[in-house]
Structures are given as C-alpha cells and as structure tokens.
Amino acid sequence: MIEVSVALIAVAFAILVIFLIKTLRAATQSLDKTTQTLQEVQKTIDELSYEVKQTIRHANDITVDVQAKMKQIDPVMDSVQNLGEVLSEVTQAAKQVSTTLIDRMKSSKRHTPAPQRSQVSTASSAEQRTVQSYATINESTGATKQAPSWVKYVDVAAEVWKKFRR
C-alpha cells in the first residue's frame, strides 16, 4: 500500500510539474511579447519625443519672432494713437473757430448793414489766404486782432501733407 501511495504521489507530482512547465512557458511567451511591445513603444516614444522637441523649438522661434515684430509695431501703434489725439484736438479747435466765426458773422450782420473791404489782394499760399480771410472777418466786425498762431500751423501742416501725398 505504501508503494502504491508513493507511486500515486509520484505520478501526481509529475502531472503537476508538467502543468507548471506549460504555465511557465506561456508566462514566458507573454513576458517576451510584452518586452517586445515595450521596446517598440520606447522606440516610438523616442522618435516622437525628437519630433515634439523640434516642434517646440520651432514654436519658440516663432514666439521670439512674433515678440520682436510686436516690439517693432509698438512705435507705430503709439504714433497712430498720437495722431488720433492730434486729429481730435484739431477737430475740436476747428469746431471752436467755426462756431466763433459764425457767431461773429451773425452778430456783424445784425449790427452793420454792409461791411466794406479795404484791400483785396491775391494770396499765394494757403497760409496767407487763411490769415487774410481772418483779417477780413476781423475788419468787418471791428476787431483788429490777428489770426491765432495755431491756425497758421494748421495751414502749414495741411500744405506739407498735400506735398507729401504728391
């Protein structure tokens, strides 16, 4: 009986070892495939990381370029802002002058029946024509004041602008 029991135990142990060997071989094959897959993934990651680094470097170059161009555009934007402010001031001043002139003309028409022109001369520049027109208006209203100095500058600026556009 002991011999039969030992033989039975030996057969059971042999069957157990055979199944363990099959299981270990399957596990080894799975680990080999996993290792192979991980190597491929590592290779792909290395390739992608190089491309990602190149893309990031390119993006950084573009960012630096854009920043440099923005710095170059800043003075232009400042000039545009200043030009807008100047135009606003000129418009405001022109509005005030025209309002004042209209008021003077209305008041002169009420008080004086027909103003007389003393001298009529041909003016050669826009500045002279403007000064002459103010002088004529001032004479007709009885004022002896000259045209404001900023009006001369506006006319000079307009002449420069016309020459620049040509």
Using a 1.4 Å probe on the protein heavy atoms, what percent of the accessible area of region 1-69 belongs to carbon and sulfur? 69
Straight-line reach check, Lys71, cutoff 29 Å on alpha carbons, 8 or more apart in-chain or any other chain, hits among lysines -> Lys53
Please calculate the 1.4 Å probe accessible area of Arg104, with all protein chains present, and give it to the nearest 10 Å². 80
Accessible area of region 1-88 divided out per residue, in Å², using a probe of 1.4 angstrom: 93
Solvent accessible area, Å² - Ile45, 1.4 Å probe, full protein context: 90
Probe 1.4 Å, all protein chains present, accessible-area order of Val66, Val97, largest first: Val66, Val97
What accessible surface, in Å², does a 1.4 Å probe find on Asp103, ignoring ligands, DNA and RNA and rounding to the nearest 10? 90
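The values are calculated or read from the model by the stated rules, or taken from the named source; none is laboratory data. It should be emphasised that the depicted structure is a prediction, and the values quoted were computed from it without experimental measurement. Quick note on the areas: whole protein, heavy atoms, side chains included, nothing else; ligands and nucleic acids left out. Shrake-Rupley method; radii C 1.70, N 1.55, O 1.52, S 1.80 Å.
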